[in-house]
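These notes concern the structure reproduced below.
Laboratory data are not the source of any read-out in this text; all were calculated from the coordinates shown. As the structure is a computational prediction, the values presented were derived from the model and not from experiment. Cβ coordinates were reconstructed from backbone atoms using ideal geometry, including for glycine residues, and neighbour counts include every protein chain displayed.
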Ligand SMILES: C[S@@+](CC[C@H](N)C(=O)[O-])C[C@H]1O[C@@H](n2cnc3c(N)ncnc32)[C@H](O)[C@@H]1O
């Protein structure tokens, strides 16, 4: 489907997750949720035709946008000459460098196909991020914020909740996008401002992935041969990974 706005037309690319938000009330609600102030260091992922960019620019004169589609990047730099436009893949951008003066506030109606890589990049760079407000697929938003012992609770929930504080804000209907996506959307806010102390965070991430390797299996089965579980009680080992809260997960990791 060709989407045209002002002098720019793109044939919406599914692989780039190009579903453009066409309801300015929702754009305003998303930007408001980030509570940005003029002195914040804001970065927007995938500005597209600028539905969020326009609202952000009403609050602050200068911020950064990262857009992979060259046509749209050109459009943004013409429409918003004060924006620091990076015409590249967000996954390749050096966030530490952009956060040299101040931790970042990340905003975006993100391409759904790369939601997980984006979230893992944010976790990895959490020291350089204050908060993020992101629109994503509703199902993923529910997984990030899921409670233990539910179907949605898994690797993403434990990692996001261990390193940040994700909060499900509101659902967004398909009807406010052009073209309409096949899935429902939702907006999530993740607070990274109070970092949790976990020794060797990347090993913790591997531990979480290993514990959830086969969801139906017990912790004993999933950790067998990979970790020394002798310090864990037999009744703990009999449970499945989904039974443990994030705090319990950190405690388990410190005992293996
Ligand atoms: C869901 S659309 C949102 C566009 C706009 N923010 C809106 O709300 O209407 C996602 C945007 O991200 C861009 N995009 C896709 N992959 C990207 C990547 N790896 N890095 C940066 N931008 C990307 C797309 O070209 C598109 O403009």
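Plainly put, the chain has a radius of gyration that is 1.02 times its Kirkwood radius, both from alpha-carbon atoms, as the Rg/Rh ratio. Residue separation of residue 71 and residue 54 scaled by 0.36 nm, minus their Cα-Cα distance, works out to 4.4 nm of gained length. Taking 18 Å as the cut-off, the amide N atoms of the range 129-150 that come nearer than this to a point 7 Å along the Cα-to-beta-carbon line of residue 232 belong to 148-150. Computed per residue of the chain from DSSP H runs no shorter than four, each worth -39500 (n - 2.57), the mean residue ellipticity at 222 nm is -9500 deg cm²/dmol. What is the list of residues in the range 27-69 whose amide nitrogen lies under 17 Å from a point 7 angstrom out from the Cα of residue 191, following Cα to Cβ? Those under the cut-off are 32-37.
Distance from the Cα centroid of the range 208-248 to that of the range 1-73 is 42 Å (rounded to whole angstrom).
Counting other Cβ atoms within 10 Å as a rough exposure proxy, the listed residues 150, 8, 64 run 150, 8, 64 from fewest neighbours to most.
Between 60, 135, 214, the GNM of the chain built on Cα springs shorter than 10 angstrom shows 214 fluctuating the most.
Set the Förster radius R0 to 22 Å, insert the Cβ-Cβ distance between residue 24 and residue 1 as r into 1/(1 + (r/R0)^6), and round the FRET efficiency to 0.05. Show your work: numbers first, answer last.
Working: r = 21 Å, r/R0 = 0.95.
The pair residue 24/residue 1 has a calculated efficiency of 0.60.
Measuring how big the range 201-255 is from its alpha-carbon positions, Rg and Dmax come out at 9.9, 27 Å.
One chain, two ends: residue 124 and residue 147. Fully extended at 0.36 nm per residue, the span grows by 6.0 nm beyond their Cα-Cα distance. Build a GNM of the chain with springs between Cα atoms under 10 Å apart, and of 108, 17, 46 the one that fluctuates most is 17. I need to check one value: relative contact order of the chain, counting alpha carbon pairs closer than 8 Å and at least 6 residues apart, in percent. Relative contact order comes out at 16 percent.
Highest mobility in the GNM of the chain, judged by mean-square fluctuation with C-alpha springs under 10 Å and restricted to 239, 97, 54, is found for 97.
Calculated on the alpha-carbon coordinates, the convex hull of the range 6-45 measures out at 121 cubic angstrom per residue.
Between residue 255 and residue 167, what's the calculated FRET efficiency when r is the beta-carbon distance and R0 is 35 Å? Round to 0.05. Walk me through the numbers on the way to the answer.
Details: r = 30 Å, r/R0 = 0.85.
Given R0 = 35 Å and the Cβ-Cβ separation, E is 0.75.
Shown is the FRET efficiency for residue 202 and residue 245, computed with R0 = 30 Å from the Cβ-Cβ distance and rounded to the nearest 0.05: 0.90.
For the chain, the share of DSSP beta bridges that are antiparallel, to the nearest 5, is 55%.
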